[in-house]
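The values are calculated or read from the model by the stated rules, or taken from the named source; none is laboratory data. Computed from a predicted model, the values in this text were never measured in an experiment. For neighbour counting, all protein chains shown are included, and Cβ atoms are generated from backbone atoms with ideal geometry for every residue, glycine included.
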């Protein structure tokens, strides 16, 4: 894999030399484009991660499935995917301390050893796993303790973007943000963000310290953030970071219904994958696949291209542990859609079209939206 490492290193060092990754220099996209060499084929145009954050490629990489949730991962496939990510210039790598109970952060820490400056690493705190479930903890003491633990697992002295994974209504968000701001002042965190937070919570948080990014599920099957959340992020200068932008693989048309999924695949319990709902959703996906075929691209590429057209502040993080799927995801950044094409897609996927909720009722209790 030497050619992979060399190609990735050349591209990433070009960006690192400008300080775009670790320093977050306030260059405009036009200035950055002028300073950079020509973008290699297969890499992605740049977008800013927050008002004064670093410029990163338009498509990032969600790393959750590299540790669990979608069946047992293949370590060699994960390695190939991360190698391909570096080769293609993917920089935003998204993790959380609860993914694999810390194993996902350890995975990234080990992979990035000796090349930490080549990536923008985001991770999250707040979901505390227990023997029989989990709970949310946003207390200031926990915020700081969780950060120290993540720093150790990641093998770094600073986290680029540190998110509150879920919001605990029992504790004032201002107190949590105050603790996160302390971490910024201490040099342990560069920027802070919120995940699955309501607009009112985001405004309260932003009044205490600038919110650089908001991470929430958003896809053609989950378009609710268009009403308030995406415009609010543009208003306050925050990046909007959609997770599950392919509806956990459903939009790619290559997933099985719940009753055919393994016991270690968490989609087995999700309403949209249940018999009946799944088949109705797949009927929509089949029509979408025909649109993609006409554009000579994959359904995943088309879905992400549509999403990227919703605003320059959107930076999706599709998760994958498959290098071929990574290539399809990255191709979305350079696929231009006409107004007519976008309108046709949205007619097929009006808000609320999905059959079944995106989470179980229990999981939705911790989601503010």
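Count, please, the residues in region 239-265 that happen to be closer than 21 Å to residue 321 by Cα and under 18 Å from the mean Cα position of the chain (by Cα). Before the answer, list the steps.
Here is the first cut: in region 239-265, the residues closer than 21 Å to residue 321 by Cα are 241-258, 260-265.
Filter again for under 18 Å from the mean Cα position of the chain (by Cα), leaving 241-252.
Residues meeting the conditions: 12.
Of these, 242, 231, which one is within 27 Å of residue 328 (Cα to Cα) and either in a loop (DSSP other than H, G, I, E, B) or at pLDDT 95 or above (or both)?
242
Can you name the number of the only condition in (1) out of contact with any strand residue (DSSP E or B) (no Cβ under 7 Å at 6 or more places or on another chain); (2) surrounded by fewer than 17 Cβ atoms within 10 Å (Cβ to Cβ); (3) closer than 30 Å to residue 364 by Cα; (4) in contact (Cβ under 8 Å) with a residue 24 or more places away in the chain that residue 52 fails?
All conditions are met except number (3).
Read through the list (1) assigned to a loop (DSSP other than H, G, I, E, B); (2) over 30 Å from residue 210 (Cα atoms); (3) modelled with pLDDT of 85 or more, then give the number of the only condition that residue 42 fails.
All conditions pass for residue 42, except number (3).
Identify the residue in region 174-197 that is closer than 18 Å to residue 233 by Cα and touching a strand residue (DSSP E or B) at 6+ places or on another chain (Cβ under 6 Å) and, among all such residues, is surrounded by the fewest Cβ atoms within 10 Å (Cβ to Cβ).
196
Might you check whether a residue that is buried (at least 23 other Cβ atoms within 10 Å of the Cβ) and either in contact with a strand residue (DSSP E or B) (Cβ under 8 Å, 6 or more places away or on another chain) or at pLDDT below 50 (or both) occurs anywhere in region 101-116?
Checked against the condition, which is being buried (at least 23 other Cβ atoms within 10 Å of the Cβ) and either in contact with a strand residue (DSSP E or B) (Cβ under 8 Å, 6 or more places away or on another chain) or at pLDDT below 50 (or both), region 101-116 yields at least one hit.
Go over the candidates 142, 162 one by one and state the one that is part of a helix (DSSP H, G or I), closer than 25 Å to residue 64 by Cα, modelled with pLDDT of 95 or more and in contact with a helix residue (DSSP H, G or I) (Cβ under 9 Å, 6 or more places away or on another chain).
The unique qualifying residue is 142.
Buried (at least 21 other Cβ atoms within 10 Å of the Cβ), touching a residue at least 24 places away in the same chain (Cβ under 8 Å), out of contact with any strand residue (DSSP E or B) (no Cβ under 9 Å at 6 or more places or on another chain) and within 30 Å of residue 84 (Cα to Cα): is that true of residue 221 in this structure?
Spelling it out, residue 221 is indeed buried (at least 21 other Cβ atoms within 10 Å of the Cβ), touching a residue at least 24 places away in the same chain (Cβ under 8 Å), out of contact with any strand residue (DSSP E or B) (no Cβ under 9 Å at 6 or more places or on another chain) and within 30 Å of residue 84 (Cα to Cα).
Quick check on my filter: what residues within region 89-122 are over 18 Å from residue 321 (Cβ atoms) and assigned to a strand (DSSP E or B)?
120
Pull up region 162-173, narrow it to residues that are more than 10 Å from residue 201 (Cβ to Cβ) and out of contact with any strand residue (DSSP E or B) (no Cβ under 6 Å at 6 or more places or on another chain), then point me to the one that is surrounded by the fewest Cβ atoms within 10 Å (Cβ to Cβ).
Initially, region 162-173 is screened for residues more than 10 Å from residue 201 (Cβ to Cβ), giving 162-163, 165-166, 168, 170-172.
From what is left, the residues that are out of contact with any strand residue (DSSP E or B) (no Cβ under 6 Å at 6 or more places or on another chain) are 170-172.
Numbers: 170: 9, 171: 15, 172: 13.
Here the residue is 170.
Within region 123-132, take every residue that is more than 18 Å from the chain's Cα centre (by Cα) and part of a strand (DSSP E or B) and give me the one that is modelled with the highest pLDDT.
Result: 128.
So, residue 312, is that one more than 30 Å from residue 236 (Cα to Cα), surrounded by fewer than 16 Cβ atoms within 10 Å (Cβ to Cβ) and modelled with pLDDT of 95 or more or not?
no
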